């Protein structure tokens, strides 16, 4: 066998000529295109046959999405598919908004190559770019992601009744999540806003309300309100007092 009038068999190439004359070339490239001449011996002399081989190759092409912008609620999962074609098959990768290139977070399935991000936050906003590349070139698809507001959610509403001893301190917890981060506001049984500068109360950094010294006047229903521009959430806690009996 000759290719373009040069011997084809070479230890550097994945080429095999079988005993029946069949020629096999693995992992074709554009260099394998051209004229192949098979020379063989017949009883009445030599003969030859010429083959023309055209190697089909295509640069990568990504099926672009109908919209290049997506809005995701804060805390939700986000995924986007990148379907690319080409010959040879293109390698697909993603770049994150901070420029980091990722492959290990990708999952391949019948629909293409998928980028997944879990529990999206404001820090995850930006452009996600899919890159498809082979020997003939490169294509890319950019998806701009905006993370929308997430309404406040008080994480635990279990402490609905609190028994406090007169003269001691009482602690009422209230923690919330949301985007933007919510502000914790406490309302007294008389529906007045409790301030951190009060001489009777203290509000800790984690939102916990402390009654410094419980009196009978502190009985009633307190409301914790988690508030942001996205909305409100509320938790009610009822306090009842317990009188300590003196020694008999």
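Bin width 5 Å, alpha-carbon pairs only: give the P(r) of segment 13-74 as whole percents, running from 0 to the bin holding the largest distance.
Here the calculated profile for segment 13-74 is 4, 11, 14, 16, 11, 8, 6, 6, 5, 5, 5, 3, 3, 2, 1, 1, 0.
With springs connecting C-alpha atoms under 10 Å apart, model the chain as a Gaussian network and identify which of 15, 147, 55 has the largest mean-square fluctuation.
Per the Cα network of the chain with a 10 Å cutoff, 15 tops the list.
Choose one answer from 137, 45, 148: the residue with the largest mean-square fluctuation in a GNM of the chain with alpha-carbon springs under 10 Å.
45
If I model a spin label at residue 31 and residue 227 as a point 7 Å from the Cα along the Cα→Cβ vector, what separation in nanometres do I get?
In this crude spin-label approximation the distance works out to 7.3 nm.
For Cα pairs less than 8 Å apart in space and 6+ apart in sequence, what is the mean separation divided by the residue count of the chain, i.e. the relative contact order in percent? Each step should come with its number before you reach the end.
On the way: 529 pairs, mean separation 35.8, N = 248.
Here the relative contact order equals 14 percent.
Using every alpha carbon pair in segment 157-222, what percent of pairs falls into each 5 Å bin from 0 up to the bin containing the largest distance?
All Cα pairs considered, the percentages come to 4, 15, 28, 28, 16, 6, 3, 1.
For the chain, how big is Rg over Rh, using alpha carbon atoms and the Kirkwood form of Rh?
Numbers: Rg = 36.0 Å, Rh = 25.1 Å.
That ratio equals 1.43.
Please compute the contact order of segment 2-53 in relative form: average sequence separation of alpha-carbon pairs under 8 Å and at least six residues apart, divided by the residue count, as a percent.
Values: 59 pairs, mean separation 16.5, N = 52.
Worked out over segment 2-53, it gives 32 percent.
What does DSSP give for segment 58-148 in terms of the percent of beta bridges that are antiparallel, rounded to the nearest 5? Mind dumping the intermediate values first?
Working: 28 of 33 bridges.
Taking every DSSP beta bridge with both residues in segment 58-148, the antiparallel ones total about 85 percent.
Taking N as the number of residues in segment 58-148, what value does Rg over Cα atoms divided by 2.2 N^0.38 Å take?
Values: Rg = 13.1 Å, N = 91, 2.2 N^0.38 = 12.2 Å.
For segment 58-148, the normalised Cα radius of gyration is 1.07.
Per residue, what volume in Å³ does the Cα convex hull of segment 109-248 take up?
On the way: hull volume 23.8 nm³, N = 140.
So the per-residue Cα hull volume is 170 Å³.
If you take every DSSP beta bridge whose two residues both sit in the chain, what share of them, in percent to the nearest 5, is antiparallel?
Details: 69 of 79 bridges.
Of all bridge pairs located within the chain, approximately 85 percent are antiparallel.
Of the listed peptides 223-234, 60-71, what is their order by residue-averaged count of other C-beta atoms within 10 Å, with the highest listed first? Mind dumping the intermediate values first?
Working: 223-234: 17.5, 60-71: 13.1.
Put in order of decreasing packing, that is 223-234, 60-71.
Since every read-out is calculated from the coordinates, none of them should be taken as a lab result. Bear in mind the structure is a predicted one, so any value in this text is a computation, not a measurement. For neighbour counting, all protein chains shown are included, and Cβ atoms are generated from backbone atoms with ideal geometry for every residue, glycine included.
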